[in-house]
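Encoded as structure tokens, the structure appears first; notes follow it.
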Amino acid sequence: MGTVTVVRGLDFDVSRALGAVTALLTGPIPSAGSPTSIESDPHTGEWVATRAAGFVLLPLWEGPDLTGLRDPEWTEQLEAGDRHLATLTRALDEQWGPHRVRSVDYLLRNPQADRPAVYDALLRQDLYGDLRVWAPHEAPERQLALVLGHSDGDQPLTLAGLVTAGAIPELPD
């Protein structure tokens, strides 16, 4: 079962997403030794952010529940998520230059493999998609990534932002 987020039900707005990315990029990142903290809204239990030593992960957009949808509606919702990711990716490419793609396929093929904490956090939030990664000029000591994913065909898509102190760890092919 996927995690419901605090952005569920909000229409995708690229300006709002860019503002959240800027806040994420300039905000504090927990230091070494900090435990992983999954923050939830105290009233609704919806996922707000995941913070751990060296990174912060937060939802930027969540699509509708796909339970009971059949084609073409199901496909339309998946395509909408891809469009939102592409729109935000284009805006960040214009700002910081072309992104790099980092796949999590190795972890999906090797579920028993040791995972850096940042990848563990992504997979715990059902964010199995490829990462689009930038090294922003404004914060050269940080990296930013976008990821779109969902746990199974019926769960909502979630578009999330990730910022790390230093480089996002490389995975084997």
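Output the residues belonging to region 122-139 that are surrounded by fewer than 21 Cβ atoms within 10 Å (Cβ to Cβ) and closer than 20 Å to residue 157 by Cβ.
123, 124, 126, 128, 130, 133
Would you be able to say whether some residue in region 109-116 is closer than 18 Å to residue 157 by Cβ and in a loop (DSSP other than H, G, I, E, B)?
No, that holds for no residue.
Can you say whether residue 90 is more than 23 Å from residue 166 (Cβ to Cβ), out of contact with any His (no Cβ under 6 Å at 6 or more places or on another chain) and surrounded by 12 or more Cβ atoms within 10 Å (Cβ to Cβ), as far as the supplied structure shows?
Considered against the rule, which asks whether it is more than 23 Å from residue 166 (Cβ to Cβ), out of contact with any His (no Cβ under 6 Å at 6 or more places or on another chain) and surrounded by 12 or more Cβ atoms within 10 Å (Cβ to Cβ), residue 90 comes out as yes.
Can you go through 85, 58 and tell me which one is part of a strand (DSSP E or B) and within 18 Å of the chain's Cα centre (by Cα)?
After applying the criteria, what remains is 58.
How do the pairs read when you match residues in region 98-121 that are under 15 Å from residue 147 (Cβ atoms) with residues anywhere that are part of a loop (DSSP other than H, G, I, E, B) and of a type in the set (Phe, Trp, Tyr), using Cβ under 9 Å and keeping only pairs 6 or more apart or on different chains?
104/128; 107/128; 108/128
Checking the conditions here, which among 59, 64, 140 is closer than 19 Å to residue 17 by Cβ and modelled with pLDDT under 90?
64
Can you tell me which residues in region 9-43 are under 15 Å from residue 95 (Cα atoms) and either free of Cβ contacts under 8 Å to residues at least 40 places away in the same chain or in contact with a helix residue (DSSP H, G or I) (Cβ under 9 Å, 6 or more places away or on another chain) (or both)?
Correct list: 14, 15, 17, 18, 19, 21, 22.
What pairs come out if I take residues in region 58-83 that are exposed (fewer than 14 other Cβ atoms within 10 Å of the Cβ) and pair them with residues that are aliphatic (A, V, I, L, M) and not in a strand (DSSP E or B) whose C-beta lies under 8 Å away, six or more apart or interchain?
Qualifying pairs under 8 Å: none.
For region 4-26, give me each residue that is closer than 23 Å to residue 169 by Cβ and touching a strand residue (DSSP E or B) at 6+ places or on another chain (Cβ under 7 Å).
Passing the criteria: 21, 24, 25.
So for region 107-115 (the condition being surrounded by 16 or more Cβ atoms within 10 Å (Cβ to Cβ), out of contact with any Pro (no Cβ under 7 Å at 6 or more places or on another chain) and modelled with pLDDT of 95 or more), does at least one residue qualify?
No, the conditions are met nowhere in region 107-115.
Suppose we filter region 22-55 for residues that are within 15 Å of the chain's Cα centre (by Cα), surrounded by fewer than 18 Cβ atoms within 10 Å (Cβ to Cβ) and under 20 Å from residue 135 (Cβ atoms); how many remain?
Summing the residues that are within 15 Å of the chain's Cα centre (by Cα), surrounded by fewer than 18 Cβ atoms within 10 Å (Cβ to Cβ) and under 20 Å from residue 135 (Cβ atoms) in region 22-55 gives 2.
The values are calculated or read from the model by the stated rules, or taken from the named source; none is laboratory data. Predicted model, so just to flag it, every value in this text is computed and none were measured. Using ideal geometry, Cβ is built from the backbone for each residue, glycine included, and neighbour counts are taken over all protein chains shown.
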